[in-house]
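Quick notes on the structure that follows.
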Amino acid sequence: MSSVDVLLGLQWGDEGKGKIVDVLSGNYQIIARFQGGPNAGHTLKIGDQKHVLHTVPSGIFNPDVMNVIGNGVVIDPIVLRKELENIEKLGLEPKKRLIISRRAHLILPSHRVLDAANERWKGKNKIGSTLKGIGPAYMDKTGRNGIRIGNIELDDFPDIYKSLVDKHKDILKLYGESVGDDFKTTEKEWLEAVAYLKDYSLEDTEYYLNHALLTGKKILAEGAQGTLLDVDFGTYPFVTSSNTICAGAFQGLGISPNKIGNVIGIFKAYCTRVGSGPFPTEVTDDLGEQIRQKGNEFGSTTGRPRRTGWLDLPALKYSIMINGVTELHMMKADVLTGLDEIKVCTHYSYRGKIVDYVPFRVDESHVQPVYQSLKGWKKDISICREKTKMPRELKQYIQFIEKHTGVKIACVSVGPERTETLFL
Ligand code: GDP
Ligand code: IMO
Ligand code: MG
């Protein structure tokens, strides 16, 4: 019997999960996405080619790997079709190497309209959603009104589709809104994309994955978003609508938790967040802008500028605890090159006390970061491939994080390309 390793983000998403899944894919026979949907944007840089994946697992560029979209994922057929057509153009034959769970829920065009209406209704308290229809689709799933991709194979699909869209139209009336003039066009495109997906393998992937484990195949479960966006343990309500944490991998794939192997926690050497919500270590001055430019911190899905700030150890330790992380991968260390001083938040000041845990509320009126300063490094590390050649200050930064978290940093990423990766 084999096991499932889980790879997930420990911050607010965009940690570099896609890059590392691609780099590690050679160690696995199957890569399986377990939650989220096209709100995700996972970037892979192979040579000078950049690819952004939204729904397709990041193992698709490794020709020896099978890819599974699990039951916990929500699928927008229009987005998935575009993604698959791009991959087909590269000659990668995704039809042979992608299996989609019949139980994965569909994002309807009206879910996207509802997402936008809900954000307008929230006004200044808006989540800053990617507006891909994620929240409304998961609401229909848990509200037991959703449509699963397996339904497209059944005769009553047109009826259940119409019935749900009618319901959405009624809900929109409560917001004083409607589906809009271009809805018919979008609906046509969506139904065409549904027809296109019928040529792909829709399966009961829980059987496929469990059988694979029985026959000794190794699976890597690929998370989307990050732990601080988890619907239960993130900075609620400024979160996404799925369980992004390790437990979500088992629920989102139909595998029992006792099959767990390593839990690979991905984090940036600093922090970013896109969208609204608390961010205790945010840096809003010129330095924040400098990190944004150097790290190219603009959303892979929406192009929005990402907010930037220092590494937050109480939050990182929280994520490590919730997920049972067994090894850490530190991304984008190269972005900090050249700084005289690197700050790290080791504690929070919370209600007059210095604490190192994450309280119920982490907005700035409740929590202020307490920093420790470390010396930065000047040497260009993007060409560094050996631990011994790392600048002393980078080694000290790594040791400092390991000491505080109690978990080994197994990998340091020094650039977006596959090969710009250092295993320690
Ligand atoms: P994901 O959603 O976690 O897969 O991350 P994204 O792809 O949204 O964002 C990470 C961004 O950083 C992408 O543009 C990557 O190409 C880039 N990236 C990944 N690792 C590194 C790194 O070590 N250094 C630099 N400079 N960029 C990186
Ligand atoms: P990957 O997988 C970063 C953020 C949005 C918003 C909140 C809710 O690329 O790391 P939603 O569209 O889910 O209703 O948005 O979550 N968000 C992400 N931020 N990376 C992501 O995915 C994200 N997916 C959602 O910006 O604040
Ligand atoms: Mg991303």
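The values are calculated or read from the model by the stated rules, or taken from the named source; none is laboratory data. Model, not experiment: these values are computed from the prediction. All Cβ positions, even for glycine, are placed from backbone atoms using ideal geometry, and neighbour counts span all protein chains on display. Ligands, DNA and RNA are excluded from the accessible area calculation, which covers all protein heavy atoms including side chains. Shrake-Rupley method; radii C 1.70, N 1.55, O 1.52, S 1.80 Å.
Looking at the range 216-375 alone, DSSP beta bridges between its own residues are antiparallel in about 70 percent of cases. For the chain, the share of accessible area belonging to carbon and sulfur comes to 51 percent (1.4 Å probe, ligands and nucleic acids excluded).
In the chain the Cα-Cα distances spread across 10 Å bins starting at 0 as 5, 22, 32, 25, 13, 3, 0 percent of all pairs.
Ignoring lysines fewer than eight residues from Lys353 along the same chain, the ones with Cα atoms less than 22 angstrom from its Cα are Lys317, Lys343. Checking the cross-link pairs Lys82/Lys132; Lys132/Lys167; Lys45/Lys198 against a 25 Å limit on the alpha carbon distance flags Lys45/Lys198 as lying beyond it. Near Glu203, once Lys and Arg are set to +1 and Asp and Glu to -1 for all other residues with Cβ below 14 Å from its Cβ, the sum equals +3. Per the Kirkwood formula applied to alpha carbons, the range 211-280 shows a radius of gyration over Rh ratio, Rg over Rh, of 1.05.
For the chain, relative contact order (Cα pairs under 8 Å, six or more residues apart, normalised by length) works out to 21 percent. Tally the DSSP beta bridges in the chain and give the antiparallel ones as a percent, rounded to 5. Taking every DSSP beta bridge within the chain, about 40 percent pair in antiparallel fashion.
The percentage of C-alpha pairs in the range 1-127 whose separation is greater than 22 Å is 39%. Contact order, relative form, for the range 1-154: 19 percent (alpha carbon pairs under 8 Å, 6 or more residues apart, mean separation divided by residue count). Candidate membrane-span-like segments in the chain, meaning DSSP H helices with Cα atoms spread over at least 24 Å of their own axis and a Kyte-Doolittle mean of -1.0 or above, are 157-174, with no membrane implied.
Do the alpha carbons of any pairs in Lys50/Lys124; Lys259/Lys389; Lys17/Lys294; Lys96/Lys184 sit beyond 30 Å of each other, and which pairs?
In this structure, Lys50/Lys124; Lys259/Lys389; Lys96/Lys184 lie more than 30 Å apart at Cα.
A simple spin-label model places pseudo-atoms 7 Å from Cα toward Cβ; at Leu154 and Asp380 they are separated by 5.9 nm. A P(r) calculated from all alpha carbon pairs of the range 318-394, with 10 Å bins opening at zero, reads 16, 33, 33, 17, 2 percent. Label sites at Gln49 and Lys198, each approximated as a point 7 angstrom past Cα along Cα to Cβ, lie 3.1 nm apart. Bridges between two residues of the range 3-150, per DSSP, are antiparallel at a rate of about 40%. Taking every Cα-Cα distance in the range 314-358 and sorting them into 10 Å bins starting at zero, the pair-distance distribution P(r) comes out as 22, 37, 34, 8 percent. Heavy-atom accessible surface of the range 185-309, averaged per residue, reaches 40 Å², computed with a 1.4 Å probe. Could you tell me which of Ala117, Gly261, Leu53 has its Cα farthest along the dipole of the chain towards the positive end, charges placed at Cβ (Lys, Arg +1; Asp, Glu -1), taken about the Cα centre? The Cα lying farthest towards the positive end belongs to Gly261. Look at where the Cα atoms of the range 80-120 and of the range 54-68 average out, and the two centres are 14 Å apart.
Only helices enter this figure: runs of n ≥ 4 DSSP H residues, each worth -39500 (n - 2.57), summed and divided by the residues of the chain, yield -9500 deg cm²/dmol at 222 nm to the nearest 500.
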